[in-house]
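Trainee: My questions will all concern the structure given below.
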Amino acid sequence: MRALLRKLRRARFRYQPLIEVRIDRSALEHNYVQHCRSFGSAGVAPVLKSNAYGHDLCSVATVLDPLRPPFLVIDSYFEAMMLQNERIRSPLLIMGYTPLVNISRFGLVDVRYVLMGMEQVREIAAHLKSPRVST
């Protein structure tokens, strides 16, 4: 059903863009593997924020997901929902501000958040029912 809805959505919004960007899957995989080798056991978390810098968030994530990065770094809760809707299984790290209501009400699986300051830390701490320890 989900595949049918995606197909209908694509057909409805079909247009000819002024610029076309093509992603070379093998080059992207090769570059990621080379970066991982350069950093050894530290791990490399690709930054895909802002629609993968205009290269289509879901397309780039689909190429990188099977390589099991420690995180895919994204900008917003909206991007996290998009990736999980596309069945991306890599852990996600949202580096943009996320309101507490989004964090608590719509619990996405395997998503981490960057806290923007002590005010946000205090706000989250005040709403915790019990302390949590992340592993």
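We did not get these values from a lab; they are worked out from the coordinates using the rules stated. Remember, it's a predicted structure, so these values are computed and weren't measured experimentally. Neighbour counts run over all protein chains shown; Cβ positions are idealised from the backbone, glycine included.
Trainee: Tyr113's amide H: which non-local residues (gap 5+, or another chain) put their own amide H closer than 5 Å, with H modeled 1.01 Å from N in plane and none for Pro or chain starts?
Mentor: Distant-sequence amide H within range of Tyr113: Ile94.
Trainee: Kirkwood Rh over alpha-carbon pairs of the chain, then Stokes-Einstein at 20 °C and 1.002 mPa s: what D in µm² s⁻¹, rounded to an integer?
Mentor: The diffusion coefficient I find is 127 µm²/s.
Trainee: Modelling each spin label as a point 7 Å along the Cα-to-Cβ direction, I'd like the Val101/Ala45 distance in nm, to one decimal.
Mentor: Between Val101 and Ala45, the label points sit 2.7 nm apart.
Trainee: Percent relative contact order of the chain, based on C-alpha pairs within less than 8 angstrom and at least six residues apart?
Mentor: Once normalised by length, the contact order is 16 percent.
Trainee: Using +1 on the beta carbon of Lys and Arg, -1 on that of Asp and Glu, and nothing else charged, what's the dipole of the chain about the Cα centre, debye to 20?
Mentor: About 560 debye.
Trainee: Taking the stretch 1-83, which chymotrypsin sites (Phe, Trp or Tyr not before Pro) meet the DSSP loop condition and have no more than 13 other C-beta atoms within 10 Å?
Mentor: In loop regions of the stretch 1-83 (DSSP not H, G, I, E or B), the sparsely surrounded chymotrypsin sites (Phe, Trp or Tyr not before Pro) are Phe13, Tyr15.
Trainee: Say the dipole of the chain comes from +1 at the beta carbon of Lys and Arg and -1 at that of Asp and Glu; which of Met1, Tyr32, Pro69 then lies farthest toward its positive end?
Mentor: Farthest along the dipole direction, towards plus: Met1.
Trainee: For the stretch 33-95, state what percent of all Cα-Cα pairs lands in each successive 10 Å bin, counting from 0 Å until the bin that includes the largest distance.
Mentor: For the stretch 33-95, the pair-distance distribution reads 24, 57, 18, 1.
Trainee: I've got another one for you. Ranked highest first by the average count of other Cβ atoms within 10 Å around their residues, in what order do 109-119, 84-94 fall?
Mentor: Per-residue Cβ counts within 10 Å, averaged per peptide and sorted highest first, yield 84-94, 109-119.
Trainee: What full-extension length gain, to one decimal in nm, is calculated for Ala27 and Arg12 as 0.36 nm per residue of separation minus the Cα-Cα distance?
Mentor: My answer for the length gained is 2.3 nm.
Trainee: Using only the alpha-carbon atoms, how far is helix 25-39 inclined from the longest principal axis of the chain? Give it as 0 to 90 degrees, nearest 10.
Mentor: Once rounded, one gets 40 degrees.
Trainee: When the helix-only estimate is applied to the chain (DSSP H runs of n ≥ 4, each -39,500 (n - 2.57), divided by the residue count), what is the mean residue ellipticity at 222 nm, nearest 500 deg cm²/dmol?
Mentor: Computed ellipticity for the chain at 222 nm equals -14000 deg cm²/dmol.
Trainee: Would you mind ranking Lys7, Lys49 so that the residue whose beta carbon has the fewest other beta carbons within 10 Å leads the list?
Mentor: Fewest to most other Cβ atoms nearby, the residues stand as Lys7, Lys49.
Trainee: I need Leu5, Leu64 ordered by Cβ neighbour count within 10 Å, fewest first.
Mentor: In order of increasing Cβ crowding within 10 Å: Leu5, Leu64.
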